[in-house]
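What follows is a short report on a single structure.
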Amino acid sequence: MLSQNPASLSSAALKGTSVFYNVGLGNPTNPLEADANVGLIEFDGFGSASVTVDENDSGKLSNQSMDLKYSVAVNGRVELVDPTSTDTVAVAYLVDKDTGFTMNLDSAAAAGFFEQQTGGPFSKASISGSYVSGTVDPAVTDSGVSSGVIASSGNGTLNGTLDDSHWASLLTTQQVSVQVTIGTDGRGTDTQGRLIFYVVSPKKVVLMNATSISPTISIFQR
């Protein structure tokens with residue numbers, strides 16, 4: 001629960017690019033499968049938005065782009081509508097400019113958050129310093145959770161120590177090292193294709209597991 005900025009309760013408050021993430025069910029009949037997505041949503045301030053999203057639905061990875069229409073109620077409730085079908089595909093509640101809670105209106109029941117992106121254009125140097133990491137609340141019981149510290153000198157190499165908890169095991173003080181590439185829009189991947197992430201700002205990154213059938217979202221922040 002976050003305090004709401006009254007100045008954000010209009011369509012004009014949605015103008016710019018935000019990073020978003022959602023986590024939900026992959027297969028409602030299978031408690032092992034999750035659906036996670038992360039991406040960018042660009043609002044024009046007048047009721048139109050463009051979305052680019054990477055989705056891991058039960059281990060099946062896809063990248064999609066779509067255009068949506070949106071409207072903002074006086075209480076900050078946002079409806080995101082597919083203009084081709086006129087169906088409301090998601091709802092959100094604004095916390096501040098280009099920032100709020102969101103939920104998809106499909107069988108995955110994915111919920112998450114979106115936050116204004118700042119600091120672009122981005123590069124490997126955009127991730128520099130020490131970050132604390134943690135997993136967003138998972139959607140299914142088979143998803144593991146982790147926390148730890150990650151450090152980068154801004155050259156694309158990330159080194160860290162993670163504690164990982166899964167229903168069947170607990171692994172502590174794991175040493176990790178990955179090489180990453182980052183586009184000017186803030187989208188990044190590791191060289192082995194296991195991770196997809198988006199830079200919110202040089203102080204915050206949202207990361208999705210790209211290979212697991214029980215994907216999770218993690219936040220890296222300094």
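The values are calculated or read from the model by the stated rules, or taken from the named source; none is laboratory data. Here the structure is a predicted model, which means the values were calculated and not measured. Here the Cβ positions follow ideal geometry from the backbone for every residue, glycine too, while neighbour counts run over all protein chains shown. Accessible surface areas use protein heavy atoms only, side chains included; no ligands, DNA or RNA. Shrake-Rupley method; radii C 1.70, N 1.55, O 1.52, S 1.80 Å.
The table below gives the values:
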{"quantity": "Options SER48, SER133; residue that is at pLDDT 95 or above and within 18 Å of the chain's Cα centre (by Cα)", "calculated": "SER133"}
{"quantity": "Among the residues listed as SER214, SER218, the single one being in a loop (DSSP other than H, G, I, E, B), more than 13 Å from ALA125 (Cα to Cα) and among the polar types (S, T, N, Q)", "calculated": "SER214"}
{"quantity": "Criterion violated by ALA73 - all others in (1) out of contact with any Gly (no Cβ under 8 Å at 6 or more places or on another chain); (2) crowded, with 16+ Cβ neighbours inside 10 Å; (3) not hydroxyl-bearing (Ser, Thr, Tyr) satisfied", "calculated": "(2)"}
{"quantity": "Among the candidates LEU32, LEU61, LEU40, residue that is at pLDDT 95 or above and open to solvent by 40 Å² or more (accessible area, probe 1.4 Å)", "calculated": "LEU61"}
{"quantity": "Residue list for the range 11-33, restricted to those being hydrophobic (A, V, I, L, M, F, W, C) and without any contact (Cβ under 8 Å) to a residue 60 or more places away in the chain", "calculated": "ALA12"}
{"quantity": "Residue within the range 104-114 that is surrounded by fewer than 15 Cβ atoms within 10 Å (Cβ to Cβ), in a loop (DSSP other than H, G, I, E, B) and in contact with a helix residue (DSSP H, G or I) (Cβ under 7 Å, 6 or more places away or on another chain) present", "calculated": "no"}
